[in-house]
Amino acid sequence: MRGILECWIKQADRIELFKKNQSEKHALHCKFHLVTGDSVYEDDEYSHLQIDAVSLYLLFLVQMITSGLQIIYTQDEVAFVQNLVYYVERAYRTPDFGMWERGSKYNVGVPEIHASSIGMAKSALEAINGCNLFGEKGASWSVIYVDIDAHNRNRSIFETLLPRESSSKGLDASLLPTISFPAFATHDESLTAKTKENVTKKLKGNYGFIRFERDGYKCSIEDTSRRYYKTGETKEFENVECEWPVFFLFMIIDGVFKSLPDQVEEYKGLLKNLICKDQNGDPCIPMYFYVAEENVEAERAEPGTQGRCNSSEGSGGSEPLYLWNQAMFVMAQLLTSGLLHINELDPIRRYLPSYSRPRRGGRYSAFQARRLKGTATDLVVQIVLIAESMRLQAMMATYGIQTQTPHEVEPVQIWSSNQLVKVYQHLGVNSKLNLNGRPSRPIGALGTSKVYRVCGMTVLCYPLIFEVSQFYLYRDMALLIDDIKTELCFVSKYWRLSGRPTVCLLIREEHMRDPQFKQMLDLMAMLKKGYCDGIKVRIGRLQNLISSSCIEHLDFMNMVDPGEVSFNQIKQLQHDYIGYQSLTDVPKATAYTEQPTDLIDYENRPLHELLDAIRNSSGLHVKCQLYGILMNRKGADYEFNGLTVEEHLRGLYHTAGCLHYWIVVRYCSALLHHTVDSISPFITTVLVNGKQLSVGVIGREETVFDKPLTPAEIRSAFYKRIQPYDKIQAVLQQEIVLYCGRLIATNPDMFKGILKIRVGWVLEAMKIYLEMNGKAANSLANHSPYQVRKLLYKVLSVHKDSNCGQLSVLEKRRIEGCLCRVPSSFYNHVWDVMERTPGGLRVRGYILPQQPTLSEMTRSELTFALLVEQTLNRIHQPEYRQIIVELLCIVFTILNRNPELSFRNQLDLDQLVTDAYTMFCKDGDLKEPSIEVFFSSEQSITTGYLARAVVNNVLKGGQLLQSTATSDAIASRKGNADQCRLQ
C-alpha cells in the first residue's frame, strides 16, 4: 500500500491538473515498475484513467487502518490522500476506461461513464469520510473530509445506471465486485438482485464469466499487434469471448457474505474442474479460458459446444501465477472453511447497510444513514428563517411569521456558501507537493444543511438558491418558492448523516416587493404547521436547533495561518426609518407591458439614425433591440451618452428585472452572454440517466451534449450555435436544460421513451401547447421562469392518459413528435425489422443500412438506439415523425406474427405512408384533402390504413417474400384494422 502511494506521490502534479479538468491526459498512472516505482507506459501507450483503481485503493486503505495497521505517517501523505478524494469525487461525470482498461466495448480508445467506476468511487467516499488516517489516536489534521453532495451524486447516478454498465456495454461482469465484495456499493436489495441475475444469466459460462459481450481480449483470433480494433471488428468475437474463472470466486465470496449456501456450493462445484496444479502440487487458477482458433467457427455456429483451453498464465507452468485469481481463491478457501470470518475480511462492515454498521466515534461527520424503509423515525428537516433587516422582520411578524435577524443569531454567523468554498480551499493544501486543496466547486444542498465549527466560530450557510446571481432566475419569486420546496424534499430524501439537517431560508427585502410575496407567506405558514409537501419540518430559533443538528468540525483550519483567513458573514441591512410610518410604504413592483415592435430594418440604417432612435424611444423592448444592433455594429465598449453599450444594457436588464418584463430580461441577458450558474451538473444528470442533450435552433446545426463538458464549452454551445439566429433562445434553452436536469432527477418517468432531449424541439412543443390554448407562440419569451417550468412539465406529461382529453390527436402527435418520444422496446423492434430488411430503412431520402449497422452494434446498446433516433430526426414535420414511429411498430407486429416473412430489399417508409394516405382518401371519397386530416385521425384508424399498406405490399409481391399459406392468411386479414392493430 505504501509502495502504490509512493508511486502516485511522484505524480502529484497530475492530480492538480486533473482537479481542474478531468482529462485522461492528466490521469494518475496505474502501471509502475515493481522495483523503481517509475511509470511503465506513456500516456499515449496505455489507458491510465481508471477511477475504480484509485477508489479501490482508498477503500482498502480505510479497511486496513481500521484493522489496526499504520500505513500513513506524515502530514504530506494525509494531504495527498485528501487530494485522491478530490480525484474520485467527480466519478459520476468522468468518462474513464473502466476496470478492463479499454473504455467502450469497441476498444477504439474512447472512454465512457462506467457504473462500476462510479459505484467503486461511491463506496470509497462513504468509507473514508471522517476517517482518521493515523487511526483512533490520530491528530485533528489527519482526518479526511468528503463532499456529501458529491457522494450523493455518485450514489444516485450509480443506482440510476444499474443494471447497465455503460452506453456501449449493457452488462459487464465488473458489476459483481461493485455490488458485492469488496465495494458493496448499494444495499437496495431489488437493484442488487436484478443486476446479479442479469449478469449471471447473460455472461456466465462453464469456465467462468465473459467480461462483456463481444469482448475480444485474449481471444485466439485477436490481432495483438494492434492496440485498437477496426470498425465492426467486435462482431468477430461474438460467442467466442474468453471466460474468466475469477468471477466464480466472486460468486463464492458473495454467497458467504449473503448467507447463500446453495450459491456457494454451485460455484465451488463449477470451479473444481478448473483448478490446475503448479510444480509443487499446489492449486492455482488459470487467468482465463479461450476457444482454440481451429474451433472458433464451430463455436460461433453452436455456442457452448466446443471445449476451451486454459491460459498459460496461472496454470502452473512456466508462466507466473495470476495473482488476482490466487488472492480471490485464498480468500474464498479461508471463508468457506471457517478460518476467516467476514468481519475480518471487511472490518468496516461494508456488507451491512450503513444504519447497521458500528457507529464511528469522534467529532467528525460520517455516513450513518437512517432506514429508508421500516420502523425508524422519519427524518425532520430543521428550518431557520433569517430576515435581512429588522423592518422585514417586523413585517413578517404582522403575518405571524417569526424570524431572526443576523444580529439576533450572534455569536452564530450566517454565511454565503461561497465563504465555505473559501474555507475548503485550505483542505489538502501542501506546498511540498504543490497541491492547492479543494477546487472551487459549489457547496450543494446537503453541504449547506450542516452546522460548522470553524476557526472558533459556529456557522450556518444559506443554500445556493438564495445567492444573488448574474442570471435572471433568482428574480422570479414563484420559482424561488418552488425551489425551496424542491430543496427541502431533496434534503429529506437524501440525508445520510447523523444529526438532523438544518436549512437556512434567507428572506430579502426585495422579496417582499415582489407581486408573488403572498405565496411566500403562504409557504412560511405551511412550514410553521410542521409539514411541507409531506415532509416533516420544524421551524425554530437557531440557538435551540443546534444541539440536534449535524455538526461538522473543520479542525484542519487550526493549521492555517490566521493572517490568511478572512470571512464575511451576511450583513444586516440598516435603515433610517424616518419617512416609513407604515410597512405598507414599501414600494411594490408593478406590471409592465409594451406593444412589440419589429426593428429589423434598423440593422441597415446609418449610425446616426440608430442613435436617434435610441434617444427618442421610451419602450424597454425597443431600446434593448436597438442597443443589440448597436453592440453588434460597434461592440460592447462603444460609448453613448456617457456610458458604454454594455452598461446601458445592464441598466435595462436591472429595470426590466424589477418590472418582471421577462422578454427584455432575457434579451438583455443573452446580449450580455449570461450563463446559468452551475449548469454542468444538470447536463450530467441528464446524461447519466441514459439520455443525450442537444441545443440549437431548428433548421440549424446542433451541439450534442453526449459527455460532461467544461463551463467554457457549454457557454460556447449556447452563444455560438444559438445566439446568431435567435438571441432569446440562447438563454431560454439554458433554462430548459436546467429544468430538465432537475425534473429527470425527481421524475424520470416523464422522460420515458425520449432518448435525446432536443431543446430546440422541446421549445417548439411548448409553443404548440400555447397555441392550442389560445396563446401566441411568441409569448413564451415573456413567460416568467416559473411559468416556463410549469409549461415544460405539462408538455412532458402529454403522454399520460390523464392529459390526453384536452388534446386533439394531431396536437398530441405534434407534441410527441417534437419530443421524439417512442413506445417501450421500440428500438429493439426496429432492430428486429432491420434483421429482415437487407436493403435497410429509407425515410426522407436517407437510408439506414442493415450492414454494417447490425454487425457493428448489438440490439441492447445505446449507440444503435441513438442511430435510429438520429434517422427519425431527419424528418422535420413532427407529426409525420410520429406517424413513422407508429408505422415501424406496425411493421414489427406483422413480422413478429409471421416469422417466415422478410423484406426483399429496401423498406421505403415514405411510400408506405403515401399508400396508406391514398387508401384513406379513397375510402372516405375525399378528393385531395390535406394530409393533416389523415394525421388527425384516431390512432386506430391510421393504424388500420398503415397496416393495410404493408399488407398490400405483401400481396403485390413487391417488398416482401412469403409462402402461399402466408399470403392466404394475410389476405384473409386484409383491411381488418383490428387484426393488424398494435398490441
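The values are calculated or read from the model by the stated rules, or taken from the named source; none is laboratory data. Since we're looking at a predicted model, the values are computed, not measured. In this analysis, Cβ positions are derived from the backbone assuming ideal geometry, glycine residues included, and neighbour counts consider all displayed protein chains. Heads up: the accessible areas ignore ligands, DNA and RNA and are worked out on the full protein's heavy atoms, side chains in. Shrake-Rupley method; radii C 1.70, N 1.55, O 1.52, S 1.80 Å.
All conditions in (1) more than 30 Å from ILE551 (Cβ to Cβ); (2) open to solvent by 30 Å² or more (accessible area, probe 1.4 Å); (3) hydroxyl-bearing (Ser, Thr, Tyr); (4) under 39 Å from the mean Cα position of the chain (by Cα) hold for SER337, with the sole exception of (4). The set of residues in the stretch 854-875 being closer than 24 Å to ILE113 by Cβ, β-branched (Val, Ile, Thr) and not in a loop (DSSP other than H, G, I, E, B) consists of THR863, VAL868.
When the stretch 750-774 is filtered for residues that are outside any helix (DSSP H, G or I) and open to solvent by 10 Å² or more (accessible area, probe 1.4 Å), the ones remaining, listed by number, are LYS752, GLY753, LEU755, LYS756, ARG758, ASN773, GLY774.
Is it fair to say LYS235 is open to solvent by 70 Å² or more (accessible area, probe 1.4 Å), in a loop (DSSP other than H, G, I, E, B) and modelled with pLDDT under 95?
When the stated conditions are applied, LYS235 does not pass them.
For LEU191, are the conditions met, namely being modelled with pLDDT of 90 or more, outside any loop (DSSP other than H, G, I, E, B) and either in contact with a Cys (Cβ under 9 Å, 6 or more places away or on another chain) or of a type in the set (A, V, I, L, M, F, W, C) (or both)?
Considered against the rule, which asks whether it is modelled with pLDDT of 90 or more, outside any loop (DSSP other than H, G, I, E, B) and either in contact with a Cys (Cβ under 9 Å, 6 or more places away or on another chain) or of a type in the set (A, V, I, L, M, F, W, C) (or both), LEU191 comes out as yes.
Note on the stretch 42-160: enclosed helices (runs of 4 or more DSSP H) holding 1 or more residues that are over 20 Å from LEU345 (Cα atoms), in contact (Cβ under 8 Å) with a residue 12 or more places away in the chain and open to solvent by 10 Å² or more (accessible area, probe 1.4 Å) are 75-89. Each residue in the stretch 305-333 was checked for being hydrophobic (A, V, I, L, M, F, W, C) and surrounded by 15 or more Cβ atoms within 10 Å (Cβ to Cβ), and 6 of them qualify. Which of the residues spanning the stretch 193-213 are in contact (Cβ under 8 Å) with a residue 60 or more places away in the chain and within 27 Å of the chain's Cα centre (by Cα)? Selection gives ARG211, PHE212, GLU213. Tally the residues that are over 19 Å from VAL110 (Cα atoms), without any contact (Cβ under 8 Å) to a residue 60 or more places away in the chain and within 24 Å of the chain's Cα centre (by Cα), restricting the search to the stretch 839-869. Selection size over the stretch 839-869: 2. Summed over the stretch 899-933, the residues that are crowded, with 17+ Cβ neighbours inside 10 Å and assigned to a loop (DSSP other than H, G, I, E, B) give a count of 2. Restricted to the stretch 383-392, and to residues there that are within 40 Å of the chain's Cα centre (by Cα) and more than 17 Å from PRO463 (Cα to Cα), the residue that is surrounded by the fewest Cβ atoms within 10 Å (Cβ to Cβ) is SER389. LEU17 falls short of the stated requirement of being closer than 22 Å to GLY428 by Cβ, within 28 Å of the chain's Cα centre (by Cα) and part of a loop (DSSP other than H, G, I, E, B). Just one of the listed residues (CYS658, CYS668) is farther than 30 Å from ILE744 by Cβ and assigned to a helix (DSSP H, G or I), namely CYS658.
Inspect all residues belonging to the stretch 458-465 and state whether any of them is part of a helix (DSSP H, G or I) and either aliphatic (A, V, I, L, M) or open to solvent by less than 30 Å² (accessible area, probe 1.4 Å) (or both). Yes, the stretch 458-465 has at least one match. Hey, any hits in the stretch 832-853 for a residue that's small (Gly, Ala, Ser), out of contact with any Asp or Glu (no Cβ under 7 Å at 6 or more places or on another chain) and at positive phi? There is at least one residue in the stretch 832-853 that is small (Gly, Ala, Ser), out of contact with any Asp or Glu (no Cβ under 7 Å at 6 or more places or on another chain) and at positive phi.
State all residues of the stretch 696-710 that are at pLDDT 85 or above and either touching a Gly at 6+ places or on another chain (Cβ under 7 Å) or among the polar types (S, T, N, Q) (or both); if no residue qualifies, say none. Passing the criteria: GLY696, VAL697, ILE698, GLU702, THR703. Checking the stated criteria, LYS536 turns out to be closer than 25 Å to ASN747 by Cα and at pLDDT 90 or above.
Table: residues versus (1) in contact with a helix residue (DSSP H, G or I) (Cβ under 7 Å, 6 or more places away or on another chain); (2) farther than 24 Å from SER180 by Cβ; (3) open to solvent by less than 40 Å² (accessible area, probe 1.4 Å).
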residue	(1), (2), (3)
PHE257	yes, no, yes
LEU274	no, no, yes
CYS284	yes, no, yes
PHE289	no, no, yes
PRO303	no, yes, no
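Right, GLU297: in contact (Cβ under 8 Å) with a residue 12 or more places away in the chain, out of contact with any Cys (no Cβ under 6 Å at 6 or more places or on another chain), acidic (Asp, Glu) and closer than 22 Å to GLY216 by Cβ or not? It is false that GLU297 is in contact (Cβ under 8 Å) with a residue 12 or more places away in the chain, out of contact with any Cys (no Cβ under 6 Å at 6 or more places or on another chain), acidic (Asp, Glu) and closer than 22 Å to GLY216 by Cβ. Tell me, yes or no, whether the stretch 724-732 has at least one residue that is surrounded by 21 or more Cβ atoms within 10 Å (Cβ to Cβ), touching a strand residue (DSSP E or B) at 6+ places or on another chain (Cβ under 7 Å) and more than 24 Å from ASP637 (Cα to Cα). Within the stretch 724-732, not a single residue is surrounded by 21 or more Cβ atoms within 10 Å (Cβ to Cβ), touching a strand residue (DSSP E or B) at 6+ places or on another chain (Cβ under 7 Å) and more than 24 Å from ASP637 (Cα to Cα). Counting only residues that are under 20 Å from GLU886 (Cα atoms) and open to solvent by 40 Å² or more (accessible area, probe 1.4 Å), give me the helices (runs of 4 or more DSSP H) lying completely in the stretch 775-838 with at least 1 of them. Qualifying helices (runs of 4 or more DSSP H): 809-819, 826-835.
Within the span defined as the stretch 874-891, every residue fails to be β-branched (Val, Ile, Thr), at negative phi and open to solvent by 10 Å² or more (accessible area, probe 1.4 Å).
Here the helices (runs of 4 or more DSSP H) wholly within the stretch 483-558 that include at least 2 residues being of a type in the set (A, V, I, L, M), closer than 27 Å to LEU573 by Cα and in contact (Cβ under 8 Å) with a residue 60 or more places away in the chain are 517-528, 542-545.
So is THR675 open to solvent by less than 30 Å² (accessible area, probe 1.4 Å) and either of a type in the set (S, T, N, Q) or free of Cβ contacts under 8 Å to residues at least 12 places away in the same chain (or both) or not? It is true that THR675 is open to solvent by less than 30 Å² (accessible area, probe 1.4 Å) and either of a type in the set (S, T, N, Q) or free of Cβ contacts under 8 Å to residues at least 12 places away in the same chain (or both).
Of the residues making up the stretch 238-282, those that are over 18 Å from ASN325 (Cβ atoms) and either among the hydroxyl-bearing types (Ser, Thr, Tyr) or part of a loop (DSSP other than H, G, I, E, B) (or both) are GLU238, ASN239, VAL240, LYS258, SER259, LEU260. One residue alone among ILE683, ILE663 is assigned to a helix (DSSP H, G or I) and in contact with a strand residue (DSSP E or B) (Cβ under 6 Å, 6 or more places away or on another chain), and that residue is ILE683. Taking residues in the stretch 251-262 that are in contact (Cβ under 8 Å) with a residue 12 or more places away in the chain, and partners anywhere that are among the hydroxyl-bearing types (Ser, Thr, Tyr), the pairs with Cβ atoms closer than 6 Å and at least 6 places apart or on different chains are MET251/TYR267; ILE252/TYR267; ASP254/SER180; PHE257/TYR351.
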